[in-house]
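Okay, so here's the structure we're looking at.
The values are calculated or read from the model by the stated rules, or taken from the named source; none is laboratory data. On a predicted model such as this, the values are computed, not experimentally measured, just so you know. Here the Cβ positions follow ideal geometry from the backbone for every residue, glycine too, while neighbour counts run over all protein chains shown. Protein only, heavy atoms only, side chains kept; ligands, DNA and RNA dropped before computing areas. Shrake-Rupley method; radii C 1.70, N 1.55, O 1.52, S 1.80 Å.
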Amino acid sequence: QEQLVESGGDLVQPGGSLRLACTASGINFNVESMGWYRQTPGSQRELVATITSGGNTNYADSVKGRFTISRDNAKHTVFLQMDSLKPQDTAVYYCNAVRRISTVTTLTYWGQGTQVTVSS
């Protein structure tokens with residue numbers, strides 16, 4: 001079965017921390033990058049952070065300095081450490097993986113999402 005499974009979403013107070021994890025099952029070959037996106041009701045899904053198999057990272061400006069993405073390539077798992085959380089970070093967070101099929105073709109996989117709520 002080909003799927004991404006996320007975990008770690010929770011309700012936390014402003015200033016708190018959470019660590020999200022995502023494991024890829026059945027798509028363990030030629031995964032060029034993995035990442036995290038988030039979406040709130042009525043809004044488009046936006047990029048939070050990505051990481052390549054080589055360790056290169058990219059972050060949205062809104063989370064730089066607060067979030068850290070990392071991965072364990074052997075376990076095909078990506079993590080998102082979220083610190084200094086703000087209410088505006090509240091969203092459903094989706095794991096993403098991009099798999100190389102050919103020199104010109106890729107497949108994109110999405111997890112079911114995990115809810116992160118930051119509120120006092």
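Both radii were evaluated on the Cα set of the stretch 51-93; the Rg over Rh quotient, with Rh as the Kirkwood radius, amounts to 1.00.
Measuring r between the beta carbons of Ala74 and Thr117 and using R0 = 22 Å, the FRET efficiency lands at 0.10.
What number comes out for accessible area per residue over the stretch 50-110 if the probe is 1.4 Å? Units Å², please. Walk me through the numbers before you get to the answer.
Details: 3240 Å² over 61 residues.
About 53 Å² of surface per residue is accessible.
Suppose accessible area is computed on protein heavy atoms with a 1.4 Å probe; arrange Asp89, Asp10 from highest to lowest. Working shown, then result.
Values: Asp89 0, Asp10 85 Å².
The ordering from most to least exposed comes out as Asp10, Asp89.
The GluC sites (Glu not before Pro) of the stretch 1-105 that meet both conditions, a loop assignment by DSSP and at most 12 other Cβ atoms within 10 Å of the site Cβ, are Glu2. Only the Cβ atoms of Lys and Arg (+1) and of Asp and Glu (-1) were treated as charged; on that basis the dipole of the chain about its Cα centre amounts to roughly 120 debye. Please give me the summed charge of the neighbours of Asp83: other residues whose Cβ is under 15 Å from its Cβ, Lys and Arg +1, Asp and Glu -1. Net charge in that neighbourhood comes out at +2.
Using only alpha carbon pairs under 8 Å that are at least six residues apart, calculate the relative contact order of the stretch 1-116 and give it in whole percent.
34
Restriction of the chymotrypsin sites (Phe, Trp or Tyr not before Pro) in the stretch 1-46 to DSSP coil positions whose beta-carbon has at most 14 other beta-carbons within 10 angstrom yields Phe29.
Once both labels are positioned 7 Å from their Cα atoms along Cα-to-Cβ, the gap between Lys86 and Asp10 label points is 2.3 nm.
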